[in-house]
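The values are calculated or read from the model by the stated rules, or taken from the named source; none is laboratory data. Just so you know, these numbers come straight off a predicted model, no measurement behind them. Here the Cβ positions follow ideal geometry from the backbone for every residue, glycine too, while neighbour counts run over all protein chains shown. Surface accessibility is based on the protein's heavy atoms, side chains included, excluding ligands, DNA and RNA. Shrake-Rupley method; radii C 1.70, N 1.55, O 1.52, S 1.80 Å.
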Amino acid sequence: MKEYLPILIVFIFVLGFAVTNIILSYAFGKHKNTRAKLMPYECGVDPVGSAHQRFSVKFYLVAMLFILFDVEAIFLYPWAVIARDLKMFGFWEMLVYIALVLVGFFYIWKKGIIDWNKPERSEG
């Protein structure tokens, strides 16, 4: 347990710091709510319409695909660091990896998932 004592001390310090900041902010902060303060803020523009509108499924698909391809791109960095040590085996292995990523990319491109101009099908 002696090895974990520094971690515990840092955890207690960080927790105490956070709680102290919250208490001081509440005690000394201004709490005058005005109509302008209570209004939703969106990029400096007054909001128009309902906040309960439905987003297209394409929005979520593109977000998930961005994360997926971003994570796949992260795998290139460790390979780039040791590329010389891997010699030709590492080169061909990464070529296969990039080819698989491109196959996935061209598949979603062909399906029209990342095409924003394509109209959605209506259910019914």
Exercise for the section: Would you kindly work out the equivalent ellipsoid of the stretch 47-89 from its C-alpha gyration tensor and give its semi-axes, the square roots of five times the eigenvalues, largest first in whole Å? Expected result: 42, 10, 5
Practice task
Can you give me the span-like helices of the chain, meaning DSSP H runs with 30 Å or more of Cα extent along the axis and Kyte-Doolittle mean at or above -0.5?
Solution key: 5-28, 83-111
Completion exercise
Stokes-Einstein D for the stretch 1-64 (25 °C, 0.890 mPa s, Kirkwood Rh from Cα pairs), in µm²/s, comes to 143 µm²/s
Completion exercise
Taking R0 as 25 Å and r as the Cβ-Cβ distance between LEU8 and ILE74, the FRET efficiency 1/(1 + (r/R0)^6), rounded to the nearest 0.05, comes to 0.15
Problem - For P(r) over Cα pairs in 5 Å bins from 0, in percent, calculated from these coordinates, the label among [x] 2, 7, 8, 9, 8, 8, 9, 12, 11, 11, 9, 4, 1, 0; [y] 2, 10, 17, 17, 16, 15, 13, 7, 3, 0; [z] 2, 10, 17, 22, 20, 12, 7, 5, 3, 1, 0 - result: [x]
Handout entry: Per residue solvent-accessible surface (Å²) - the chain, probe of 1.4 Å
Key = 98 Å²
Handout entry: Partners for LYS110 among lysines (Cα-Cα distance below 28 Å; same-chain residues under 8 apart left out)
Key = LYS58, LYS118
